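Encoded as structure tokens, the structure appears first; notes follow it.
The values are calculated or read from the model by the stated rules, or taken from the named source; none is laboratory data. Note that the structure is a prediction, hence the values are computed from the model and not measured. Ideal geometry is used to build each Cβ from the backbone, glycine not excepted, and the neighbour counts take in all protein chains shown.
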Ligand SMILES: [Zn+2]
Ligand SMILES: [Zn+2]
């Protein structure tokens, strides 16, 4: 990575350090407004099977005008055209677009960016699912440095695309260069002192963001996740365990609590407490984990370098 990027990253850190809280909030508000405007535009087109970037139906391709909607493969996009796409759209552009379509289809459970499922050797490893397509965006620390002594000695990432489970683009087909802006974001994102946190916003969040919300505020998260109006329904599997006292808990009581939860939308935890009263021998534990339906991260095997 160039000294250039390091210098810009440093000056960014200094600037934000001196930013007042009001300025920071105002900045956030402006960004949020832009984000909402762009997303509303996106979803309006998406619902008509059209692309908000080029304004064309997603089933069309115009080679003169490379576009991210090609990656949905509803048009006659071919592997050899992929380089024209990534020359025009950088890593964050590609990521945001794929996350938005995946989220629009089925919420964050379509996006596996879970850190605990990712290897330490990776800067990121994310698998995104949309209908019959699965994309994986992958970058090891070595890729980010560039492979020394080869013609891929620049900071880059790798991409895999599967259609109906079949390989369409392989990880090793392309060494996709990061833009300057990508590099800056990644450097700041991975520097704890920077205070910088890039977000793909509410419509781009993956499972890691969901699990972060869960650990930040478990009660609220579980209450939301169990209400039927949650658009992100099913991304997190919630299991409650009830430990009864000596006498155990009768099936009737369990049934009653579950019915109450269904009817009122309150958490099982809450309903059991109501139904069972304040029995000190009864304890309820809730365990939340990523749902089974979250796609597995497609792993790239790195070749040993000679
Ligand atoms: Zn397009
Ligand atoms: Zn590489």
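Each residue in the range 54-89 was checked for being buried (at least 17 other Cβ atoms within 10 Å of the Cβ), without any contact (Cβ under 8 Å) to a residue 24 or more places away in the chain and more than 19 Å from residue 164 (Cα to Cα), and 6 of them qualify.
Report yes if residue 221 is assigned to a loop (DSSP other than H, G, I, E, B) and in contact with a helix residue (DSSP H, G or I) (Cβ under 6 Å, 6 or more places away or on another chain), otherwise no. Walk me through how you get there before you give the answer.
Numbers: assigned to a loop (DSSP other than H, G, I, E, B): no; in contact with a helix residue (DSSP H, G or I) (Cβ under 6 Å, 6 or more places away or on another chain): yes.
Against the criterion (assigned to a loop (DSSP other than H, G, I, E, B) and in contact with a helix residue (DSSP H, G or I) (Cβ under 6 Å, 6 or more places away or on another chain)), residue 221 does not qualify.
Only one of the numbered conditions (1) surrounded by fewer than 16 Cβ atoms within 10 Å (Cβ to Cβ); (2) outside any helix (DSSP H, G or I); (3) over 20 Å from the mean Cα position of the chain (by Cα) is violated by residue 142, and that is (2).
Can you tell me how many residues within the range 107-136 are outside any helix (DSSP H, G or I) and under 19 Å from residue 234 (Cβ atoms)? Don't jump to the end; show me each part of the working.
Of all residues in the range 107-136, those outside any helix (DSSP H, G or I) come to 111-114, 118-136.
Applying the additional criterion that residues be under 19 Å from residue 234 (Cβ atoms) yields 111-114, 127-131, 134.
So the answer is 10.
Is it the case that residue 201 is more than 16 Å from ligand 1 (Cβ to nearest atom), under 26 Å from residue 105 (Cβ atoms) and touching a helix residue (DSSP H, G or I) at 6+ places or on another chain (Cβ under 9 Å)? Yes; evaluated as a whole, the condition is true for this residue.
All of (1) modelled with pLDDT under 95; (2) in a loop (DSSP other than H, G, I, E, B) hold for residue 154 with one exception: (1). When the range 194-210 is filtered for residues that are modelled with pLDDT under 90 and either surrounded by 21 or more Cβ atoms within 10 Å (Cβ to Cβ) or in a loop (DSSP other than H, G, I, E, B) (or both), the ones remaining, listed by number, are 195, 196, 197, 198, 199.
Restricting the range 151-164 to residues that are touching a residue at least 24 places away in the same chain (Cβ under 8 Å) and exposed (fewer than 14 other Cβ atoms within 10 Å of the Cβ), the residue that is farthest from ligand 1 (Cβ to nearest atom) is 164.
Does residue 34 satisfy the criteria of being closer than 18 Å to residue 201 by Cβ, assigned by TED's automatic domain parsing to the domain that holds residue 100 and surrounded by fewer than 16 Cβ atoms within 10 Å (Cβ to Cβ)?
Yes; evaluated as a whole, the condition is true for this residue.
In this structure, residue 45 does not satisfy being part of a helix (DSSP H, G or I), within 16 Å of ligand 2 (Cβ to nearest atom) and buried (at least 18 other Cβ atoms within 10 Å of the Cβ).
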